[in-house]
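Student: Below is the structure I would like to discuss, written out as structure tokens.
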Amino acid sequence: MNIQLSDIVIFLFFGLCVYAWWSNISIREQALIKAKKHCQSLNLQLLDGSVAGIKWKPVWHQGQVKIKRSYKFEFSSSGIARYSGEIHYLGNKQQDIWLSPHDF
């Protein structure tokens, strides 16, 4: 059995795709946990119990290529009205959380 260069390239590409997918799931789970904790600290209710990816792009940061991810979620202060929020990650580190103006 001979292994050709094209086989190695295909295997590496497949491995890279699996790693990127796994990493993205891990960071999405982190974003969900952080959004829940942030909402709880402000006496807000995280609606639907989920975050949704809205933006994903590679950026050059301090001499390295990192992935900038943004996730959207919805929360409520009264249980009736829905408001939106966003959580941003650079690589695997949280950058910030933004909450739309809402009533208390």
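Bear in mind that the values in this text are calculations on the coordinates, not laboratory data. Since this is a predicted model, take the numbers as computed values, not measurements. Glycine gets a Cβ as well: all are built from the backbone with ideal geometry, and neighbour counts include every protein chain shown.
Student: At q = 0.11, 0.12, 0.17, 0.20 Å⁻¹, what log₁₀ I(q)/I(0) does the chain have when each alpha carbon counts as one equal point scatterer in the Debye sum?
Tutor: Result of the Debye calculation: -0.45, -0.51, -0.80, -0.98.
Student: Quick one: compute the contact order of the chain, relative version, from alpha carbon pairs under 8 angstrom and 6+ residues apart, as a percent.
Tutor: Relative contact order, the chain: 18 percent.
Student: Something else about it: Suppose every Lys and Arg Cβ carries +1 and every Asp and Glu Cβ carries -1, with no other charges. What dipole size does the chain come out with about its Cα centre, to the nearest 20 debye? Walk me through the intermediate numbers first.
Tutor: Details: 12 positive and 7 negative charges, 41 e Å.
With only Lys, Arg, Asp and Glu charged at Cβ, the dipole is about 200 debye.
Student: With Cβ to Cβ distances under 12 Å as the rule, what net charge do the other residues near Lys93 carry (K, R +1; D, E -1)?
Tutor: Values: positive: Lys34, Lys66, Lys68, Arg69; negative: Asp96.
That sum, taken over residues with Cβ under 12 Å, equals +3.
Student: Taking +1 at the Cβ of each Lys and Arg and -1 at the Cβ of each Asp and Glu, which of Ser84, Cys17, Ile97 sits farthest along the dipole of the chain towards its positive end, judged by Cα position relative to the Cα centre?
Tutor: Ile97
Student: Still on this structure, I have one more. Over 21 Å between C-alpha atoms is what I'm after, so list which of Lys36/Lys66; Lys68/Lys93; Lys57/Lys93; Lys55/Lys93 land there.
Tutor: Numbers: Lys36/Lys66 25 Å; Lys68/Lys93 10 Å; Lys57/Lys93 15 Å; Lys55/Lys93 15 Å.
Too far apart for the 21 Å limit: Lys36/Lys66.
Student: Please give the calculated 222 nm ellipticity per residue for the chain, where each DSSP H segment of at least 4 residues contributes -39500 (n - 2.57) and the sum is spread over every residue; nearest 500 deg cm²/dmol? Each step should come with its number before you reach the end.
Tutor: On the way: 1 runs with 37 residues, N = 104.
For the chain, the value works out to -13000 deg cm²/dmol.
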